[in-house]
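Participant: Before we start, here is the structure in question, set down as structure tokens.
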Amino acid sequence: MQVSDGLTALRRDGYTVVHDLRRDVELVSGPNGAFLVEVRSGATTADARSKAAELQTELRCAVTPVLCAGDRTFRTDGVLVAARGELAEAIRSVPAKGRLAPERLSQFGHSLKV
């Protein structure tokens, strides 16, 4: 399963998925919270954590940083590292923190691509 398949699966489950052009990441919001998904090749947990902190300040809500890389899923330094084929399952497994309303994502205007 590719990363795009995982994002499509999340959409089918009712999650909102948008692309943030400014940060070049995927933003995911669902019943268990908001997630910043870093999928760039060569990205690090520090990259994901930094971008999530920036987004958290803008949205004023908790944002879980996710780095989609490798072949296993685990947590390290506050970042959920999701295997490329397990992105949807990894995000679904996070305990509920409260849903971010999809309209809140729209405040980013032209920087977001649905």
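The values are calculated or read from the model by the stated rules, or taken from the named source; none is laboratory data. Because the structure is a prediction, the values reported are computed rather than measured. All Cβ positions, glycine included, derive from the backbone under ideal geometry; neighbour counts span all protein chains shown.
Participant: Does segment 58-69 contain at least one residue that is within 14 Å of VAL18 (Cβ to Cβ), aliphatic (A, V, I, L, M) and at pLDDT below 90?
Facilitator: Yes, segment 58-69 has at least one match.
Participant: Please go through segment 93-102 and give me each residue that is among the charged types (D, E, K, R) and either in contact with a Pro (Cβ under 9 Å, 6 or more places away or on another chain) or crowded, with 17+ Cβ neighbours inside 10 Å (or both), ordered by number.
Facilitator: Hit for segment 93-102 is ARG99, nothing else.
Participant: Determine, yes or no, whether ASP47 is surrounded by fewer than 22 Cβ atoms within 10 Å (Cβ to Cβ), at pLDDT 95 or above and among the acidic types (Asp, Glu).
Facilitator: yes
Participant: For PRO65, only one of the following conditions fails: (1) surrounded by 14 or more Cβ atoms within 10 Å (Cβ to Cβ); (2) more than 17 Å from GLY42 (Cα to Cα). What is its number?
Facilitator: (2)
Participant: Shifting gears a bit: What is the number of the single condition among (1) of a type in the set (S, T, N, Q); (2) more than 16 Å from ALA82 (Cα to Cα); (3) under 10 Å from the mean Cα position of the chain (by Cα) that THR64 does not meet?
Facilitator: (2)
Participant: Also: Which of (1) under 10 Å from the mean Cα position of the chain (by Cα); (2) outside any helix (DSSP H, G or I); (3) crowded, with 18+ Cβ neighbours inside 10 Å is the odd one out, the single condition HIS19 does not satisfy?
Facilitator: (3)
Participant: Right, here's the next one. Please work out which one of (1) closer than 16 Å to VAL3 by Cβ; (2) surrounded by fewer than 19 Cβ atoms within 10 Å (Cβ to Cβ) is the condition ALA82 fails and give its number.
Facilitator: So ALA82 meets the others, but not (2).
Participant: Could you run through segment 32-87 and say how many residues are within 23 Å of ARG99 (Cα to Cα) and either in contact with a Gly (Cβ under 8 Å, 6 or more places away or on another chain) or in a strand (DSSP E or B) (or both)?
Facilitator: The qualifying residues number 23.
Participant: Separate question: Run GLY14 past the list (1) surrounded by 16 or more Cβ atoms within 10 Å (Cβ to Cβ); (2) in contact with a strand residue (DSSP E or B) (Cβ under 7 Å, 6 or more places away or on another chain) and report the number of the one that doesn't hold.
Facilitator: So GLY14 meets the others, but not (1).
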